[in-house]
Amino acid sequence: MDKECKMKNFNNKNQEAILCEKELQITSLQKEKEQLLKMLDTLPVSVCLVTQDYRITYYNKAFCDKFGELKGRLCHEARFGLKAPCDFCESHKPFKTGKPHFWSCRGPDGKFNIDFYTFLFIDLSGSPLVLVMDVDITLKQKIFDDIKKQADTISFLNKRLKDQYEELETIYTFAPVGLCVLDENCRYLKVNKVFAKFNKISASEHIGKTVRDIAPGLAEKAEALNRRVLSTNKPILGIEVSGEVPAEPGRKRYWLESWYPVKNRKITIVVAEDITTKKEAEKARLKSFQNKILTLERKKIARELHDTVSQALFSSNLFSESISKTWKTDPIRSLNTLDIVRNLNRSALNDIRTLVLELMPEKKRKEDLAVLLKELLASVGNKFPNIKTEIEINGKSELPDMVKHEIYRIAQEAVNNTIKHANTALLKVVLKSNDEELKLVISDNGRGFDVDFEERDPRSFGLNIMYERARLIGASINIESSPGKGSTISLVYSKPVDIK
């Protein structure tokens, strides 16, 4: 009996000890839980404990700040305002697997991006809970998306730049014109094959050398153009450059060039076309025109001398011989014949003066066209007082010497034809000039003529000479006339663009 009592007392004491130890453990766990919850309350991210039926048994301050007080709301109601559990929710997976789970989602409104960290959590009562920690990564995702977009854009631009570079390289290599790149010291940085052919040396031999090294005869002009482009940061377009290259001494070559600055870099791109053959052909064409005009003028002068001066002098000579025979026998008849000789000589003199009027003294080549036209009409007025002359000048007529010479000779031809054939009482010249064109109009109130007939007549040297001179300088001529209504000759010359 005593033994049984002792055993019973021992068991009671053992149970009391176990209960006491459990109470101590529970108290310790309770304190740890409180410390854990206090720590969770300080975190800057939302934390809550959720049951399997979506009730929230705990939430920290960050959760409250974000979603407000629960007031009995379930998890999906508090977070997204939904009446039913989220169909995309993965927070319950730790209940099934017992392992932590990470997942991400976008809020139902599409405005938020959230990372979820979920852990299985056993309450002191032994009930399973899920600790849900969510991190709002909306800003982070936006930054990431922006970076990705920028990376995609940069990748696209890099590819486009590469494509453009390859396109430019293809153009540079196969362009039918010369291309080169010069630095501020006129040193070649890049040269294509066409440009290299201009100097008869390879493209690689240009690199690192200056224009003065390769083509000293062109250096001064090139250096001046390069300085101007780099200092003004403006291109120079369509300028003609000429000179010799060492590979072809004694032959003058011509290039049509355009110089372009490169923004924010001290380099110049030069585009050049060799127009030597074209210029030589142009010179040959001009020479042909000039020879044709010279031939026409010689034929005209020969015909004028034959038809006018020669005939008058021949007749004068015959009448002079008859005077020597009749002077003694019939002095009155001889005096009348002498008057005829005098008139024939005067006529021949006027014809010679008219022919001389057509010739332009070399010393007048440098004079302004307006001055030359005034002198021409003054000469007409002095020699032919029966013809009234008028002249009107508007604008400055600055022209290349050759152009001025040809326009003046056209004016001479028109004036000469008027004096000889128009039987006019008025000769008027109007010269108008601006930056784009020059217009010369010569008119009279004489007898006029049939323009169509004269233009078809191969013997009309005067008109043919005017047309050829106009073609020589690229001008156009229009002639308006009809019998009895006077004549008007209009010349229009378009000035080339001045490259400054």
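The values are calculated or read from the model by the stated rules, or taken from the named source; none is laboratory data. Please read all numbers here as calculations on a predicted model, not as lab measurements. FYI the Cβ positions are ideal-geometry reconstructions off the backbone, even for glycines, and counts take in every protein chain you see. Protein only, heavy atoms only, side chains kept; ligands, DNA and RNA dropped before computing areas. Shrake-Rupley method; radii C 1.70, N 1.55, O 1.52, S 1.80 Å.
So which residues in the stretch 229-253 are within 24 Å of residue 496 (Cβ to Cβ), in a helix (DSSP H, G or I) and either open to solvent by less than 50 Å² (accessible area, probe 1.4 Å) or touching a strand residue (DSSP E or B) at 6+ places or on another chain (Cβ under 7 Å) (or both), if there are any at all? Full working, then the answer.
At the first step, the residues of the stretch 229-253 found to be within 24 Å of residue 496 (Cβ to Cβ) are 229, 232, 234-243, 252-253.
Next cut, in a helix (DSSP H, G or I) only: 229, 232.
Once the filter is applied, which keeps residues that are within 24 Å of residue 496 (Cβ to Cβ), in a helix (DSSP H, G or I) and either open to solvent by less than 50 Å² (accessible area, probe 1.4 Å) or touching a strand residue (DSSP E or B) at 6+ places or on another chain (Cβ under 7 Å) (or both), the stretch 229-253 yields only 229.
Could you list, in sequence order, the residues of the stretch 76-92 that are more than 26 Å from residue 42 (Cα to Cα) and of a type in the set (D, E, K, R)? Please lay out each step first, then the result.
First, the residues of the stretch 76-92 that are more than 26 Å from residue 42 (Cα to Cα): 82-88.
Once the filter is applied, which keeps residues that are more than 26 Å from residue 42 (Cα to Cα) and of a type in the set (D, E, K, R), the stretch 76-92 yields 83, 87.
Might you check whether a residue that is modelled with pLDDT under 90 and more than 23 Å from residue 114 (Cβ to Cβ) occurs anywhere in the stretch 37-49?
There is at least one residue in the stretch 37-49 that is modelled with pLDDT under 90 and more than 23 Å from residue 114 (Cβ to Cβ).
How many residues does the stretch 487-497 contain that are in contact with a Gly (Cβ under 9 Å, 6 or more places away or on another chain) and under 16 Å from residue 463 (Cα atoms)?
Number of matching residues: 1.
Return the pair list, or none, for Cβ contacts closer than 6 Å from residues in the stretch 33-51 that are part of a helix (DSSP H, G or I) to residues that are open to solvent by less than 50 Å² (accessible area, probe 1.4 Å) and not hydroxyl-bearing (Ser, Thr, Tyr), at least 6 apart or on different chains.
Listed by first residue and then by second, the contacts come to 40/47; 40/60; 41/60.
For the stretch 444-467, which positions are at pLDDT 80 or above and either open to solvent by 90 Å² or more (accessible area, probe 1.4 Å) or part of a loop (DSSP other than H, G, I, E, B) (or both)?
Correct list: 445, 446, 447, 448, 449, 450.
Name the single residue, out of those in the stretch 202-226 being of a type outside the set (S, T, N, Q) and in a loop (DSSP other than H, G, I, E, B), that is farthest from residue 181 (Cα to Cα).
Let us first name the residues in the stretch 202-226 that are of a type outside the set (S, T, N, Q), namely 203, 205-209, 211-225.
This time we only want the ones that are in a loop (DSSP other than H, G, I, E, B), so: 207-209, 215.
Working: 207: 10, 208: 11, 209: 12, 215: 15 Å.
Only one residue tops the list, namely 215.
Among the residues that make up the stretch 327-335, is at least one of them closer than 19 Å to residue 473 by Cα and modelled with pLDDT of 70 or more? Full working, then the answer.
From the stretch 327-335, those closer than 19 Å to residue 473 by Cα are none; that's our starting set.
The answer is no; no qualifying residue exists.
Just checking, which of 391, 410 is under 21 Å from residue 466 (Cβ atoms), out of contact with any Pro (no Cβ under 7 Å at 6 or more places or on another chain) and in a helix (DSSP H, G or I)? Break it down stepwise before answering.
Working: 391 fails: in a helix (DSSP H, G or I).
None of the others qualify; the one that does is 410.
Residue 73 - would you say it is under 26 Å from residue 43 (Cα atoms) and surrounded by 10 or more Cβ atoms within 10 Å (Cβ to Cβ)? Explain how you work it out, then say what you get.
Working: under 26 Å from residue 43 (Cα atoms): yes; surrounded by 10 or more Cβ atoms within 10 Å (Cβ to Cβ): yes.
Considered against the rule, which asks whether it is under 26 Å from residue 43 (Cα atoms) and surrounded by 10 or more Cβ atoms within 10 Å (Cβ to Cβ), residue 73 comes out as yes.
Step by step: first the residues of the stretch 112-167, then only those that are assigned to a strand (DSSP E or B), among the charged types (D, E, K, R) and touching a residue at least 24 places away in the same chain (Cβ under 8 Å), then the one that is surrounded by the fewest Cβ atoms within 10 Å (Cβ to Cβ). Which residue is that?
Initially, the stretch 112-167 is screened for residues assigned to a strand (DSSP E or B), giving 113-122, 128-136.
From what's left, among the charged types (D, E, K, R): 115, 134, 136.
From what is left, the residues that are touching a residue at least 24 places away in the same chain (Cβ under 8 Å) are 134, 136.
Working: 134: 22, 136: 16.
Per the criteria, the residue is 136.
Specify the residue that is farthest from residue 407 (Cα to Cα); the eligible residues are those in the stretch 344-361 that are among the polar types (S, T, N, Q) and modelled with pLDDT under 75. Let's see the steps before the verdict.
Going residue by residue through the stretch 344-361, those that are among the polar types (S, T, N, Q) are 345, 347, 350, 354.
Filter once more, keeping what is modelled with pLDDT under 75: 347, 350, 354.
Details: 347: 29, 350: 24, 354: 18 Å.
Here the residue is 347.
Taking into account only those residues within the stretch 63-81 that are modelled with pLDDT of 90 or more and of a type in the set (A, V, I, L, M, F, W, C), which is farthest from residue 39 (Cα to Cα)?
Here the residue is 74.
For the stretch 395-442: of the residues being among the polar types (S, T, N, Q) and open to solvent by 60 Å² or more (accessible area, probe 1.4 Å), which is farthest from the chain's Cα centre (by Cα)? So that I can check it myself, show each step before the final result.
Taking the stretch 395-442 as the starting set, the residues that turn out to be among the polar types (S, T, N, Q) are 397, 412, 416-418, 423-424, 433-434.
Narrowing the set further to residues that are open to solvent by 60 Å² or more (accessible area, probe 1.4 Å) leaves 423, 434.
Details: 423: 56, 434: 26 Å.
Restricting to residues being among the polar types (S, T, N, Q) and open to solvent by 60 Å² or more (accessible area, probe 1.4 Å), the top hit is 423.
Of these, 200, 234, which one is at pLDDT 85 or above, out of contact with any Asp or Glu (no Cβ under 8 Å at 6 or more places or on another chain) and either of a type outside the set (Val, Ile, Thr) or closer than 26 Å to residue 279 by Cα (or both)? Give the derivation first.
Working: 200 fails: out of contact with any Asp or Glu (no Cβ under 8 Å at 6 or more places or on another chain).
Exactly one of 200, 234 is at pLDDT 85 or above, out of contact with any Asp or Glu (no Cβ under 8 Å at 6 or more places or on another chain) and either of a type outside the set (Val, Ile, Thr) or closer than 26 Å to residue 279 by Cα (or both), namely 234.
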